[in-house]
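The block underneath contains the structure these notes are about, expressed in structure tokens.
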Amino acid sequence: MGIKGLQGFVANVCHDVHKMVNLKEMAEEHRMSYPDSPPVIVVDALSCIRHWYTPESWVCGGQWQEYLANLEDFINAFTAADIKLVFFFDGVVEQKKRGEWVKRRLKNNKEIGRIFQFIKTYRQQPGRGMFFIPSGLATFTRFALKSLGQKTICSLQEADYEVASYGLQHNCMGILGQDTDYLIYNTSPYFSIEKLCLDKMVTVMYSRENLCRALNLNITDLPFFACLLGNDVVPEAALEGFWHKCLTSCPPKSQSYDKRSNIILAVANYISGLPHSYSSVKNFEEMLPLGSDKTLLCKAMESYILPGQQSPWLPPSLSNSQALSAKQDTGMCSDQEIFQLAKEQHITGENYMVFNILSNGEVECSNTLEDELDTELPGQALIYRPARQHIYSVLLEPRKDTQRVCSVVKEWFVYFGNPLHQPELMQPVQLDIPGEMPSLRTLWLGKGPDIENQRYSTFLACFHLQDMVEELKALKAPVAAVCCLLMYLLLQVDSLSLEDLNAFVAQTLCLQGMSAAQLSGLQLVQVDSRAVQLGALFIRGLATLIMANSACGFPFSMDDFMPWKVFDGKLFQEKYQQSHRGCSLEELLEGNKCKEEEGMLIFSKRTELHLLLHTVIRTGDISGEGFSLMALRPNLQGESRILIPGTSCISRGYQPRHQDQRRRFQFTPRWPR
């Protein structure tokens with residue numbers, strides 16, 4: 001995420017390094033200078049999403065329709081200026097940066113703890129000063145941009161390296177982001193997303209040439225300069241002694257500068273006095289307490305050298321190693337055609353996690369808005385682990401009739417109680433389906449109705465719903481997706497109550513036909529912390545669905561799993577609170593005229609779980625179909641039932657209940673915890 005303190009240094013000390021520019025005017029100048037090269041801005045998406053997410057509510061699970069509308073407005077502004085955008089997303093976490101990744105995730109855990117403490121104390125969302133991006137925002141942003149017709153690229157290595165490379169190789173007008181690493185790379189101009197005024201199409205542009213002039217450095221010195229200030233690869237702790245020596249030999253130029261600014265000036269002064277050679281770097285490495293890896297500094301410098309570039313501080317053989325590393329395919333998949341297809345889908349942002357599993361068997365999931373002190377709700381990483389283990393089995397293809405040992409998958413999933421000292425090793429678990437599991441070649445490349453059915457049934461088997469094929473196929477795809485997710489949650493979460501299910505169902509139904517403006521206008525009197533966690537759990541569930549969909553050859557369109565179609569955080573929070581106050585179904589459904597058409601979900605004592613389709617309801621709005629789940633408590637005798645239907649059925653004794661009186665589904669999950 002750039003060089004600590006460099007942004008402030010540029011803003012407060014080196015005023016010539018930044019200036020306000022008009023992007024529309026720059027685009028016109030670019031067209032005149034390069035008639036055959038239309039103006040393109042490369043966007044570092046992950047450094048922009050905090051600025052794109054402007055809806056007032058952020059703790060309840062996400063205001064997805066509002067967010068989608070914001071993205072569309074953003075794109076339209078650049079389209080009107082005739083500027084093309086290319087969006088890059090991080091596709092991997094490189095091993096040399098894993099330590100920093102873990103450090104930030106653990107820090108985020110503490111921030112999330114403070115957020116929940118605030119919510120439980122004041123029953124309100126904290127102010128923007130405690131803002132934390134909604135769970136799954138990074139994952140679904142790339143699908144949102146694709147749905148809006150934008151070119152999205154998921155990186156095979158560090159995203160900022162690929163952003164800088166793309167800008168250089170395609171003669172791009174600039175790079176839009178918020179990462180001072182773009183001042184270090186010798187690439188296109190760097191524009192600030194933080195300073196962007198979309199109405200006027202103006203922002204701040206940073207000049208690396210002027211930075212070098214202010215520091216008495218050459219542009220080729222900047223990678224060495226960045227590493228001696230500390231970054232995601234070279235730890236600051238290893239440099240503190242060196243900084244002290246630099247400050248001693250180069251006294252502060254001004255008493256008004258802060259300590260970090262003085263360090264930056266002193267380090268630049270040190271570099272300017274060195275012979276520009278590899279031997280200078282090697283000698284410096286020997287001085288630093290870098291542990292067993294004395295090549296860390298060189299590796300960090302290599303990460304800034306773009307294809308076709310050389311550094312006077314590195315030998316030619318090292319200068320090109322970063323570019324070459326992306327070309328080396330060493331996958332866990334024996335079928336190279338399948339591996340190549342997974343790679344292509346990864347780059348274009350069409351699949352999710354699949355290539356990471358097939359290439360090196362390692363995946364990660366960042367922080368989720370979860371309450372460490374709520375012992376009733378396990379972390380989402382644990383809840384969806386059984387499904388992931390089935391997905392790993394689909395991808396890594398162990399066979400029931402062979403002795404082949406399937407490779408384990410390394411998981412870096414953040415949840416409270418996981419110190420992230422090392423990855424958790426997950427063994428793939430075979431699906432419970434008759435006959436042999438279809439191969440990836442069959443699922444991905446096969447054609448015909450039988451193959452389509454195999455894809456669908458394999459997908460459902462990942463969630464132990466293989467007996468529900470015909471019932472779920474009768475539903476519209478987004479409805480089937482939500483049913484699948486809620487059924488899985490019933491299996492996995494013991495504390496999920498009837499009121500919780502009613503809230504999920506009501507918000508999904510009522511969401512149909514509501515506009516982003518209507519959803520923005522919803523006002524919450526208070527915020528419930530448990531509903532916050534359930535909202536995040538639902539969104540992470542949608543991400544698990546798209547992972548399974550990717551693995552099984554896309555039995556669904558990815559569009560069917562998008563949160564702006566089936567979820568709104570404030571609306572869910574409203575329905576959750578109404579449901580737990582004991583509101584009637586008519587009140588939950590806001591007067592929608594519903595008609596029960598078919599099916600039910602039945603829980604009985606005799607069997608673990610009997611899943612039949614419960615209810616399909618048709619709303620009176622333009623969207624067509626919604627749905628509702630019926631639930632039968634497992635401890636009811638014989639044919640007695642509790643039905644949670646449309647308006648034509650009645651539930652028993654539904655009175656307002658305290659938090660510890662929620663009606664729970666109690667049964668033994670089909671997978672081990």
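The values are calculated or read from the model by the stated rules, or taken from the named source; none is laboratory data. Please read these numbers as outputs of a predicted model, since none were measured by experiment. In this analysis, Cβ positions are derived from the backbone assuming ideal geometry, glycine residues included, and neighbour counts consider all displayed protein chains. In case anyone asks, the SASA skips ligands and DNA or RNA and just uses the protein heavy atoms, side chains included. Shrake-Rupley method; radii C 1.70, N 1.55, O 1.52, S 1.80 Å.
Before moving on, here are some points about what is shown:
- Set 514, 547: member being of a type outside the set (Val, Ile, Thr), modelled with pLDDT of 90 or more and not in a helix (DSSP H, G or I): 514
- Per this entry, residue 418 is not counted among residues that are part of a helix (DSSP H, G or I) and either in contact with a Gly (Cβ under 9 Å, 6 or more places away or on another chain) or loosely packed, with under 15 Cβ neighbours inside 10 Å (or both).
- Residues of region 292-306 classified as in a loop (DSSP other than H, G, I, E, B) and free of Cβ contacts under 8 Å to residues at least 24 places away in the same chain, total: 4
- Within region 156-176, being touching a strand residue (DSSP E or B) at 6+ places or on another chain (Cβ under 6 Å) and small (Gly, Ala, Ser) holds for 159, 167, 174.
- Residue list for region 341-379, restricted to those being within 14 Å of the chain's Cα centre (by Cα) and more than 19 Å from residue 142 (Cα to Cα): 369
- Residue list for region 158-171, restricted to those being within 22 Å of the chain's Cα centre (by Cα) and part of a loop (DSSP other than H, G, I, E, B): 158
- Taken over region 376-392, the criterion of being touching a Ser or Thr at 6+ places or on another chain (Cβ under 8 Å) and assigned to a loop (DSSP other than H, G, I, E, B) is satisfied by 376, 377, 379, 384.
- Checking each residue in region 456-484 for being within 14 Å of residue 390 (Cα to Cα), outside any loop (DSSP other than H, G, I, E, B) and open to solvent by 20 Å² or more (accessible area, probe 1.4 Å) picks out 457, 466.
- Options 118, 143: the member that is within 30 Å of residue 570 (Cα to Cα), open to solvent by less than 20 Å² (accessible area, probe 1.4 Å), part of a helix (DSSP H, G or I) and aromatic (Phe, Trp, Tyr): 143
- Any hit, region 277-293, residues being at pLDDT below 85, farther than 20 Å from residue 17 by Cα and small (Gly, Ala, Ser): yes
- Counted residues, region 7-32 - those being polar (S, T, N, Q) and at pLDDT 95 or above: 1
- Selection within region 1-49 - part of a loop (DSSP other than H, G, I, E, B), touching a residue at least 60 places away in the same chain (Cβ under 8 Å) and either small (Gly, Ala, Ser) or open to solvent by 20 Å² or more (accessible area, probe 1.4 Å) (or both): 1, 2, 4, 5, 13, 34, 37
- Members of region 242-257 found to be out of contact with any helix residue (DSSP H, G or I) (no Cβ under 8 Å at 6 or more places or on another chain) and open to solvent by 50 Å² or more (accessible area, probe 1.4 Å), listed by number: 244, 245, 248, 251, 255, 256
- A single entry from 521, 435 fulfils the requirement of being on the phi > 0 side of the Ramachandran plot, out of contact with any Ser or Thr (no Cβ under 9 Å at 6 or more places or on another chain) and open to solvent by 10 Å² or more (accessible area, probe 1.4 Å): 435.
- Subset of region 146-157 [open to solvent by 40 Å² or more (accessible area, probe 1.4 Å) and part of a loop (DSSP other than H, G, I, E, B)]: 148, 149, 156
- Condition met for residue 85 (touching a residue at least 60 places away in the same chain (Cβ under 8 Å), hydrophobic (A, V, I, L, M, F, W, C) and under 23 Å from residue 343 (Cα atoms)): yes
- Residue in region 357-375 that is open to solvent by 10 Å² or more (accessible area, probe 1.4 Å), part of a helix (DSSP H, G or I) and over 15 Å from residue 135 (Cβ atoms) present: yes
- Total residues in region 263-283 satisfying the condition of being touching a helix residue (DSSP H, G or I) at 6+ places or on another chain (Cβ under 7 Å) and either part of a loop (DSSP other than H, G, I, E, B) or open to solvent by less than 20 Å² (accessible area, probe 1.4 Å) (or both): the figure is 8.
- Residue within region 334-354 that is open to solvent by 40 Å² or more (accessible area, probe 1.4 Å), in contact with a helix residue (DSSP H, G or I) (Cβ under 9 Å, 6 or more places away or on another chain), among the hydroxyl-bearing types (Ser, Thr, Tyr) and at pLDDT 95 or above present: yes
- Within region 545-567, tally of residues that are closer than 30 Å to residue 119 by Cα and either open to solvent by 10 Å² or more (accessible area, probe 1.4 Å) or over 15 Å from the mean Cα position of the chain (by Cα) (or both): 4
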